[in-house]
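The block underneath contains the structure these notes are about, expressed in C-alpha cells.
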Amino acid sequence: LLVLTASYPYQPKEEVSDDPLALDEICGSGKLECAETEDITPEGADYGLRKLSSGNWVGTALDDITDLKSSTKASFWRLFSYIRGNNADEVKIDMTVPVVYAWEIDQTSGSLVSGTMFFYLPREHQDNPPKPRDSRVFVKTFPEMDVYYRAFGGNDRSDEKYRKEFMALKTAVEDAGHSLDFHYTFTAGFTRPFWGQQRQEVMFADESKPFN
C-alpha cells in the first residue's frame, strides 16, 4: 500500500502528546463547524467508523504530485481565497474542519495518481454553494460513505508516520472481516499544524460505499 503525504516546511515549536485531540474539543457550539457525521464504531473495535453524510465540499487538485510541499501550499491558498470572498457571490465563508485530502491510487501499480484538497462547506452554504471564480476550484458533492479511520496526535508529519497509521488501520479493519475501497485513501487534518495538541486522521471508505 503506497501512501504519500505532504511534508510541512517548518519544525514544531514544542513537543505535544501523541494522543489525538478529542473531536468534542474541536467541533460544536462556539467551536469550529465540522462535516456532518455519525459515529458508528463497533464496541471494542481497534479502529474508528463513522457515517459521513452526503454534502458539498469545495476542492482543488494538487498541481504536481511529485512536489507535494509546494502543491499542497498552493492548493490551500486557492481554497482559502475562495472562502475569503473569491467567489461569484463575494461572500466570506467560515473555515471548517477537517481539511481533507483524497489520494487517488492506481490499482495496478499501487502508485499515486492524483491528490485533491477539500474544505467542507458550512451548513448555511450547503444548499446553494457560491460558484468559484478560479477555474481550478470546484464544488463537489460527496456521497454518503462509511469511513474507517485512525486518529493520532503529535507533530510527526512524515511519510513513514502516515504509512504506519494506514497499515495499522488496514490491518485492524480487514482482521475484523470488512472490505475497503483502495481506489482512494484519505488524510484529514482537524487542527492547526504544530500549534497545541493535534488531531490527524487516516481514512478508507468501505467498499460498499466508495468515493466517486
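The values are calculated or read from the model by the stated rules, or taken from the named source; none is laboratory data. Just so you know, these numbers come straight off a predicted model, no measurement behind them. Please note: Cβ atoms are built from the backbone with ideal geometry, for glycine as well, and neighbour counts cover all protein chains shown. Keep in mind that these areas ignore ligands, DNA and RNA; they rest on the heavy atoms of the full protein, side chains included. Shrake-Rupley method; radii C 1.70, N 1.55, O 1.52, S 1.80 Å.
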For the stretch 123-139, check the following and say yes or no: at least one residue is open to solvent by 70 Å² or more (accessible area, probe 1.4 Å), at pLDDT 95 or above, part of a loop (DSSP other than H, G, I, E, B) and acidic (Asp, Glu). yes
Would you confirm, using the coordinates I've provided, whether ILE65 is over 30 Å from ALA22 (Cβ atoms), β-branched (Val, Ile, Thr) and surrounded by 12 or more Cβ atoms within 10 Å (Cβ to Cβ)? yes
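Test GLY154 against the stated conditions and say whether it is part of a loop (DSSP other than H, G, I, E, B) and open to solvent by less than 20 Å² (accessible area, probe 1.4 Å).
Numbers: part of a loop (DSSP other than H, G, I, E, B): yes; open to solvent by less than 20 Å² (accessible area, probe 1.4 Å): yes.
Criteria met by GLY154.
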Hits in the stretch 121-172 - residues which are polar (S, T, N, Q) and under 17 Å from TRP57 (Cβ atoms): GLN126, ASN128, THR141
Residue in the stretch 8-19 that is modelled with the highest pLDDT, counting only those that are open to solvent by less than 100 Å² (accessible area, probe 1.4 Å) and closer than 14 Å to PRO193 by Cβ: VAL16
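Give TYR148, TYR184 a once-over and let me know the one that is in contact with a helix residue (DSSP H, G or I) (Cβ under 6 Å, 6 or more places away or on another chain), within 22 Å of GLY55 (Cα to Cα) and outside any loop (DSSP other than H, G, I, E, B).
So the residue among TYR148, TYR184 that is in contact with a helix residue (DSSP H, G or I) (Cβ under 6 Å, 6 or more places away or on another chain), within 22 Å of GLY55 (Cα to Cα) and outside any loop (DSSP other than H, G, I, E, B) is TYR148.
Please count how many residues of the stretch 73-122 are among the small types (Gly, Ala, Ser) and in a loop (DSSP other than H, G, I, E, B). Break it down into steps so the answer makes sense when it comes.
Taking the stretch 73-122 first, the residues among the small types (Gly, Ala, Ser) are 74-75, 81, 85, 88, 102, 109-111, 114-115.
Those left that are additionally in a loop (DSSP other than H, G, I, E, B): 85, 88, 109-111.
Number of matching residues: 5.
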Given the conditions (1) at pLDDT 90 or above; (2) farther than 20 Å from GLU104 by Cβ; (3) not small (Gly, Ala, Ser), report the number of the one that THR66 does not fulfil. (2)
Evaluation of SER70 against (1) farther than 17 Å from PHE118 by Cβ; (2) in a loop (DSSP other than H, G, I, E, B) (one fails), failing number: (2)
Answer yes or no: is there a residue in the stretch 142-155 that is acidic (Asp, Glu) and more than 20 Å from ASN212 (Cα to Cα). no
Are there any pairs with C-beta distances below 9 angstrom linking a residue in the stretch 51-67 that is of a type in the set (Lys, Arg) to a residue that is open to solvent by less than 50 Å² (accessible area, probe 1.4 Å), with the two at least 6 apart or on different chains, and if so which? LYS51/MET145; LYS51/ASP146; LYS51/VAL147
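Look through the stretch 162-205, keep the residues that are of a type in the set (Lys, Arg) and touching a residue at least 24 places away in the same chain (Cβ under 8 Å), and return whichever of them is most open to solvent (accessible area, probe 1.4 Å).
First pass over the stretch 162-205, keeping only residues of a type in the set (Lys, Arg): 163-164, 170, 192, 199.
Remaining after also requiring touching a residue at least 24 places away in the same chain (Cβ under 8 Å): 163, 170, 199.
Working: ARG163: 87, LYS170: 49, ARG199: 19 Å².
Here the answer is ARG163.
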Suppose we keep only residues that are within 15 Å of the chain's Cα centre (by Cα) and among the aliphatic types (A, V, I, L, M) within the stretch 70-117. Which one would you say is surrounded by the fewest Cβ atoms within 10 Å (Cβ to Cβ)? MET95
